[in-house]
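Visitor: Below you'll find the structure I mean.
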Amino acid sequence: MPAQVSSAGRFAMSERTLVTITINGEDKQVPEGELLIKAAQDEGTYIPRFCWHERMNPVGMCRMCLVEVDTPRGPMMVTACTNNVTEGMVVDTESAEVKKAQEAILEFLLANHPLDCPVCDKGGECPLQDQAMAYGPGESRFVEIKRTYEKPIPISDLVLLDRERCILCARCTRFSDEISGDPLIEFKDRGNATEVNTFPDLPFSSYFSGNTVQICPVGALTAKPYRFRARPWDLKKVESSSLQDTAHPRMEIHASQNEILRYTGVDNDATNHGWLSDKARFGFEHLRSDNRVTEPLVRRGGELVAVPWAEAIDMVATRFQLVKDEDGGEAIGVIGGANGTNEDAYALSKFARVALGTNNVDATVGDALASHFLAATVDRACISDIDDADTILVWGPDLKEEHPTLYLRVRRAAQELGKTLVVIHPRATGLDDRASHKLNYRPGGGFQLLDELAEGEHADVLHALSANKVVVLVGMASHADGPDLAESVAAFIRQKAVKTLILPLNSRSNTYGALDMGLAPDLFPGRVNVDSAGAAALGEAWGGEPAGLPGRDSTEILAGLDSGEVRALLLVGSDPVRDMPIPSAASDGLAGAEYVVSIDMFVNDSNCNADVILPAAGFAEKEGTVTNVEGRVQKVNQIRPAPGQARADWAVVGDVALSMGVDLGLGSVEIINKEISEIVGAYEGVTFDLLEWEQREGAVIPVDDTRVISHIPIAAGGKASPEAAFTLHVARTMYDDGVRLRESPSLHPLAPGAVVRINPADAPSVGAQDGRPLRVVTSQGEGEFTVVLDEGTPAGVLFVPFNQPGGAHLGTDPVARVTPVKT
Amino acid sequence: MSAWPEATQERARQIISRYPEKRSAVMPLLYLAMAEDGHLTEDGMAEVAEWCGITPAQVQSVASFYTMYKRERTGQYLVSCCTSISCMLLGGDDVLHAVEDESGVPHGETDEEGLLSVEHVECIGACGGAPAVQVNYELIEGVTPEKARDLVGWLKDARPSVVNTDEMQELFGGPRSFDWGIREEEGAVGPYPAFQPLGTVGKE
Amino acid sequence: MTTLLVTKRMVDHPADSHTLERYQATDGYNQARRALGMTRDELVEEVKASGLLGRGGAAFSAGLKWSFLAPARPSYLVINGDESEPGTFKDRQLLERDPHQMIEGIIITAIANEVHHAFVYIRGEYPKPARRVQAAVDEAYANGFLGKGIFGSDYDLELTVHLGGGAYICGEETALINSLEGLRGEPRLKPPYFPAAKGLYMLPTIVNNVETVSNLPHILAMGSGDYAALTGNEDTGTFMMSLSGHVEKPGNYELPHGITWRELIYDIGGGIPGGRDLKAWIPGGASAPWFVPEHHLDLPITKDDTAAAGSMLGSGAVIVMDETTCMVEAAERVIRFFAHESCGQCTPCREGTTWLEMILRRIEDGQGRAVDLDLAVDVSDGISIGLGWPPKMTTICPLGPSAVSPIKALKDYFIEEVESHVSQGGCPLKSAQPVGSP
């Protein structure tokens, strides 16, 4: 089955019937019930507009899209954004009265709009400016004094509001209410005094605030990281997909003089509908950080010193070769590769198998679902299947925190499309207000809840899950939930629903592509088992016999380093000390390693003692393909050179291999991509050419391929939820202390920090007070956290966001105790 | 975690029970919040948000749409002078000026003591008895500039704890839009309408 | 003397017409009881046959409106008591002086439409009418006329009294529904939000005016035929008119349709004080295009005759202006109202009404320019294309186009007066008075 090149999901969708309407004297076939403004646009007639946005409900407020429609009582003025086309509709978008109305509306809008275009960020890409030129009266007859407001007010940490520029189109307020579910910016006052504003001291602290800047049709909302930094006509632009969101939302990269200045969302039916989370939108600052590693560094006398590339490559190759010669490839481990491109991952995978001779490769760091479940779930859902489901089950991470594009998609399905939504999580999540059913469980007690469901408890939830079409988004809600739970949940729902589609979730962005490229101890590129015939065939194509037994995963590699069974480690864009749930496992392993090489953009907590650090090119500094959470392959593109001597991962490992006497044959991304499309079965035909096209959907890799392994569902049962005064819920938040966020000055301060959320009812018994420190102790870690009293955290549960600035790691043991801190 | 006294909370619960969806109770609860604090405070709006399950920004959006939710400090007596067309034709502007002059409070403002607020308002539905004035929304029809001055003086001196429309009409009014019937005893105790649903009126 | 219906009780019993005791002593609640024994179709047909038109301003057939109610359940009934249009004070009298009559009308409407929860939305500035209505509602509950099993039947009916917050626009039925949902009182788009299909909480909803439902007990009591026969024309029944401004006897009058404006102003209203001349009047509330004696004094007061002359009876409010009235100031005052009450959601109304107010204020204050009247007319044209009647609106609701009516009057009848404001640098009618107003 060839890769699926469209936005359509796996649930069948019906075709829309067409009707005939007449636009300016010409008959057009348009989908029945389509909004007139959209139908006309699709047929080549642009009707000017400000308030209408294709992804939000029409409000008909700006009145710019007035057209004349014939009625039995003669032609009527109607707004094209609020009227649906019907058979035989006759529309005039250019009559004298329509032109009169357009001129009038523009004059009204400009009456109070300042003429500060030369200093306005929007100048040059401003719909008001453009439409005033195209449809406006030419001059204003408004001689009165314009409305003025106090100059700009920060409505959030990232967004500023200039109220006098606002034309009250309600795009931002609708976005916050209808799309992101944070109705924190609203209209205030009325009539001519109407403005957009927040409640005093309650900012628009939304993970999606930047979208309002992009959809603002004037320069009323501006983004702090971009404000006054460029003029649109000076910007160089390329399209790409964000790697800071597992759905890989489509976006444009805008740069000037090799400096990236902003990302803007691109509307893509298949994934993001044009929206970006703020983490994705503003996630470019780390690329221009002064802390980038720009030269190969080797440790000499305890210090890292810069050396020429050739020297560094030779050193690394020699050492790896030595270990391989003495103890075999199994004495070498490779961790990482989930943050780069598929081409990087493929080269790394081939390098490990062919040059190093090891299956000790893992793109995940002990916090992920099993690789075969992530990569090879046969009934994997497409994102767009969420729209067509009868019931959506989210049993896994809080999507708002970890999978923002999926969060928006599920939210829309529940709110706008009326889908039944079931949310199961240890505490409150961002989707709860739209959930038809919500169950909380004690961290680590997921199997117990699954048993209850299997025994027929929670009848309303079971009923909802017994629907015709159910999409299940499963992942690890908490470090206390092992990877088995998600597979069991999937297996359980498959028995309940008529048709089930599964979307297994993992938070690191190109994990899916990395696993597809074989960066897993048990998988070869193309999702084939290392010990299968498919792997053998691939090995043959690589000109060797690298297949064999599954290697070590990250945890096992690090344990091997600690015990001495593994001697050398290659870290590729990975920071296990920060990312592993039990950090001591990572730090002990790294301390015990004989030789550590890191390919990275930064010095981080894991590679700071490495023997060699090789400078890596970052996102937008290289091109390639990436694979998102649903198996969709899209192209990412380069807009600037990597700083200093930094190079793409694929090029680095290729040179190391060559120095070890192995030619991987991967001399350019084009060559690598071609090799993938030729010899990696599932990626057959997915070439750059296929992905370089006008539409943005990309190609979905098929999962019902015969080479795909099928996994055996794990039966529910057996595990009881832990008996403890407090069970600990450790989970990721959107902003944390990861190195790329640490190097992003606009985003890093938004991390919640070292806090523990506790139900107010629990607080008195343990002496917890809001804003005061509390000591949390588990068998695997302990630390002090600032108390946040939180109704969203159930009694008996402590919620500690993972990997926070100043926050200790507490491990995966959900049994916790707390002690007050004397101050 | 309501900051309201239990009696007010009970009233809030009763009001919410009168609507199929609790958000519908925003407007009556805003009056309740005003009665608690004398005007609509940020705390009051945040409290209403809690009761109705919406954000404070949404409450502010609603409250600021309507003219009667006073978000700034308002006097014990809110004197509203109608200057819409019918009242204007019969001297409503002069009545307003008389009130401003006698009280020393320009329209749109409140005196330092917090006793009087003066505003000019659009039509209050007393056109047949123009010009009309309201004190805490209790109506007086057929007011002259002289009577308006007397009204201000009376409010300053007598400081009635409850303002009653019949009493003020008798003292300061003139021709009415229509016969008012039996005298009513209820009245307003602050710059908000003396009405809450559920058989409960002004007196506290 | 004409037949009085909705005001009869308060005329006959001025002291206590609002009490339950008086109401029951004068045939009260008998028609609600009777309605319980009638089918929905019978009730709708009876009201259709009566020709009862909505009294809120749009003058749409009440029976027809009921028959549109989508069959989905539950559905709601909302009584519009948000009377706020300058010149209008009739509902205030009905609410304050005969609340049980309205409640009985609500019960009949509810039964006819199988509604089990009704709301009365009373404007916030009407606390006394609200108190009277609430007291009457409390009495009705106490006597089993409202609540579970009304009048001993198995029919349940809840009635909630809701107070507005000070916004004229909430008199527009979809804005009123938004307001009742706890939202800003912004009118909804039609389509798709026709209340009969997607009203309160997106469920089918009937919105009727206070006066409209107050007529229902009388229609049932006298029969639709007799009700329709009260007038000799298509506008059946009686009609409350609020008379204000420069007349000797302002007040509410319940009248049959068809008398002339001359009769209303001079005979019923007692003419202009001081024997001064009539200059202009607004025939149907501040929204309506103005009439002048030269053209309109002998027109009959009917829906169709008024429409043919380019105006409307609207809410039945008649504002009379004598020869001493400055037309620029009167126009400014009416426009100021609409600018103040504009909800602000749509551009032409939000920006246009304020702009018009600024232009007129400037002319009245002596800062007018020769081009200003043409400018005001053109600005008006952007709100109501062609300035025709009924207006060709560029707006969501009729509020914006309402602000155009005074400009139209200035253009059609008072150009010279505007020009003299400009040429004399101020108002020629009050040059002796100090300038300035709120």
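Visitor: I need the full set of residues from segment B:68-105 which are over 18 Å from B:A132 (Cα atoms) and over 12 Å from the mean Cα position of the chain (by Cα), in order please.
Guide: B:R71, B:E72, B:R73, B:G104, B:V105, listed by residue number.
Visitor: Okay, next question. Just for strands (runs of 3 or more DSSP E) wholly inside segment C:207-309: which have at least 2 residues that are within 27 Å of C:V404 (Cβ to Cβ) and either among the basic types (K, R) or touching a strand residue (DSSP E or B) at 6+ places or on another chain (Cβ under 9 Å) (or both)?
Guide: By residue number, C:238-245, C:278-282.
Visitor: For a quick check of your reading: which helices (runs of 4 or more DSSP H) sit entirely within segment C:1-60 and have at least 1 residues that are within 14 Å of another protein chain (Cβ to nearest Cβ)?
Guide: Fully inside segment C:1-60 and qualifying: C:8-12, C:20-25.
Visitor: Can I ask one more? Within 12 Å of chain B (Cβ to nearest Cβ) and buried (at least 24 other Cβ atoms within 10 Å of the Cβ): which single residue out of C:A142, C:A110, C:A167, C:A135 fits that description?
Guide: Result: C:A167 is the single residue among C:A142, C:A110, C:A167, C:A135 that is within 12 Å of chain B (Cβ to nearest Cβ) and buried (at least 24 other Cβ atoms within 10 Å of the Cβ).
Visitor: Mind counting the residues in segment A:782-803 that are in contact with a Ser or Thr (Cβ under 8 Å, 6 or more places away or on another chain) and not β-branched (V, I, T)?
Guide: 5
Visitor: Tell me, which strands (runs of 3 or more DSSP E) lie completely within segment A:234-324 with 1 or more residues that are touching a residue at least 24 places away in the same chain (Cβ under 8 Å) and in contact with a Phe, Trp or Tyr (Cβ under 7 Å, 6 or more places away or on another chain)?
Guide: Fully inside segment A:234-324 and qualifying: A:250-256, A:259-265.
Visitor: Another one. Under the condition of being more than 7 Å from chain A (Cβ to nearest Cβ) and touching a Gly at 6+ places or on another chain (Cβ under 7 Å), which residue from segment C:342-357 is nearest to B:S84 (Cα to Cα)?
Guide: Per the criteria, the residue is C:T353.
Visitor: Related question: Taking the stated definitions as given, is B:G153 at pLDDT 95 or above and not in a helix (DSSP H, G or I)?
Guide: no
Visitor: Among the numbered conditions (1) out of contact with any Lys or Arg (no Cβ under 8 Å at 6 or more places or on another chain); (2) assigned to a helix (DSSP H, G or I), tell me where A:V378 comes up short.
Guide: Just one mismatch for A:V378, condition (2).
Visitor: Which residue, of C:D277, C:D298, C:D305, is more than 28 Å from C:V379 (Cβ to Cβ), under 22 Å from the mean Cα position of the chain (by Cα) and not assigned by TED's automatic domain parsing to the domain that holds C:D381?
Guide: That would be C:D305, the only listed residue that is more than 28 Å from C:V379 (Cβ to Cβ), under 22 Å from the mean Cα position of the chain (by Cα) and not assigned by TED's automatic domain parsing to the domain that holds C:D381.
Visitor: Further question on the same structure: Which residue is nearest to B:R149 (Cα to Cα), if the candidates are limited to segment B:55-107 and must be touching a strand residue (DSSP E or B) at 6+ places or on another chain (Cβ under 9 Å) and among the charged types (D, E, K, R)?
Guide: If we take residues in segment B:55-107 being touching a strand residue (DSSP E or B) at 6+ places or on another chain (Cβ under 9 Å) and among the charged types (D, E, K, R), then B:E100 is nearest to B:R149 (Cα to Cα).
Visitor: Follow-up. Could you say which residue among A:R190, A:R171 is within 14 Å of chain C (Cβ to nearest Cβ) and under 19 Å from A:L276 (Cβ atoms)?
Guide: A:R171
Visitor: So, in segment C:313-334, of the ones that are touching a helix residue (DSSP H, G or I) at 6+ places or on another chain (Cβ under 8 Å) and at pLDDT below 95, which residue ends up farthest from the other protein chains (Cβ to nearest Cβ)?
Guide: Looking at the filtered set, the residue picked out is C:L313.
Visitor: Sort out which residues of segment B:47-65 are within 8 Å of another protein chain (Cβ to nearest Cβ) and surrounded by fewer than 21 Cβ atoms within 10 Å (Cβ to Cβ), and write them in order of number.
Guide: Matches in segment B:47-65: B:I54 only.
Visitor: Restricting segment A:123-146 to residues that are buried (at least 17 other Cβ atoms within 10 Å of the Cβ) and over 21 Å from A:K100 (Cβ atoms), which is farthest from the chain's Cα centre (by Cα)?
Guide: By that ranking, first place goes to A:Q129.
Visitor: Ok, one more. Condition test on C:S224, is it crowded, with 20+ Cβ neighbours inside 10 Å and more than 14 Å from chain B (Cβ to nearest Cβ)?
Guide: Spelling it out, C:S224 is indeed crowded, with 20+ Cβ neighbours inside 10 Å and more than 14 Å from chain B (Cβ to nearest Cβ).
Visitor: So, one more: Can you report the number of residues in segment A:43-97 which are within 13 Å of chain C (Cβ to nearest Cβ), part of a loop (DSSP other than H, G, I, E, B) and hydroxyl-bearing (S, T, Y)?
Guide: Within segment A:43-97, residues that are within 13 Å of chain C (Cβ to nearest Cβ), part of a loop (DSSP other than H, G, I, E, B) and hydroxyl-bearing (S, T, Y) number 3.
Visitor: In segment C:270-279, which residues are under 22 Å from C:F239 (Cα atoms) and either buried (at least 23 other Cβ atoms within 10 Å of the Cβ) or without any contact (Cβ under 8 Å) to a residue 24 or more places away in the chain (or both)?
Guide: Listed by number, the list holds a single entry, C:G270.
Visitor: Please go through (1) in contact with a helix residue (DSSP H, G or I) (Cβ under 8 Å, 6 or more places away or on another chain); (2) in the same structural domain as B:V189 (by TED's automatic domain parsing); (3) among the charged types (D, E, K, R) for B:D93 and return the number of the only condition it doesn't satisfy.
Guide: (1)
Visitor: Oh, and also: Is it true that C:E158 is touching a strand residue (DSSP E or B) at 6+ places or on another chain (Cβ under 6 Å), assigned by TED's automatic domain parsing to the domain that holds C:L94, of a type in the set (D, E) and not in a helix (DSSP H, G or I)?
Guide: yes
Visitor: Still on this structure, please answer the following. Being hydroxyl-bearing (S, T, Y), without any contact (Cβ under 8 Å) to a residue 40 or more places away in the chain, within 24 Å of B:S24 (Cα to Cα) and not in a loop (DSSP other than H, G, I, E, B), is that true of even one residue in segment C:127-149?
Guide: yes
Visitor: Out of the residues in segment A:234-250 that are surrounded by fewer than 24 Cβ atoms within 10 Å (Cβ to Cβ) and of a type in the set (D, E, K, R), which is nearest to A:V626 (Cα to Cα)?
Guide: A:E239
Visitor: Checking the structure you have, find out if any residue of segment A:489-510 is closer than 14 Å to A:T391 by Cα, of a type outside the set (A, V, I, L, M, F, W, C), assigned to a strand (DSSP E or B) and touching a residue at least 60 places away in the same chain (Cβ under 8 Å).
Guide: yes
Visitor: Still on this structure: Need the failing condition index for C:M102 against (1) in contact with a Ser or Thr (Cβ under 6 Å, 6 or more places away or on another chain); (2) within 11 Å of chain B (Cβ to nearest Cβ), just the number.
Guide: (2)
Visitor: Quick one: A:S478 ticks every box in (1) within 24 Å of A:A725 (Cα to Cα); (2) crowded, with 21+ Cβ neighbours inside 10 Å; (3) in contact with a helix residue (DSSP H, G or I) (Cβ under 7 Å, 6 or more places away or on another chain) bar one, so which box is it?
Guide: That leaves (3) as the condition not met.
Visitor: Continuing with the same structure: Which of (1) among the aliphatic types (A, V, I, L, M); (2) within 9 Å of chain B (Cβ to nearest Cβ); (3) farther than 27 Å from C:K198 by Cα is the odd one out, the single condition C:V161 does not satisfy?
Guide: (3)
Visitor: Identify, please: which residue in segment A:98-110 is under 42 Å from the mean Cα position of the chain (by Cα) and surrounded by 23 or more Cβ atoms within 10 Å (Cβ to Cβ) and is, among those, nearest to the other protein chains (Cβ to nearest Cβ)?
Guide: This residue is A:F108.
The values are calculated or read from the model by the stated rules, or taken from the named source; none is laboratory data. Everything quoted here is computed from the prediction, not taken from an experiment. Methodologically, a virtual Cβ is constructed for each residue, glycine included, from the backbone with ideal geometry; neighbour enumeration extends over all protein chains shown.
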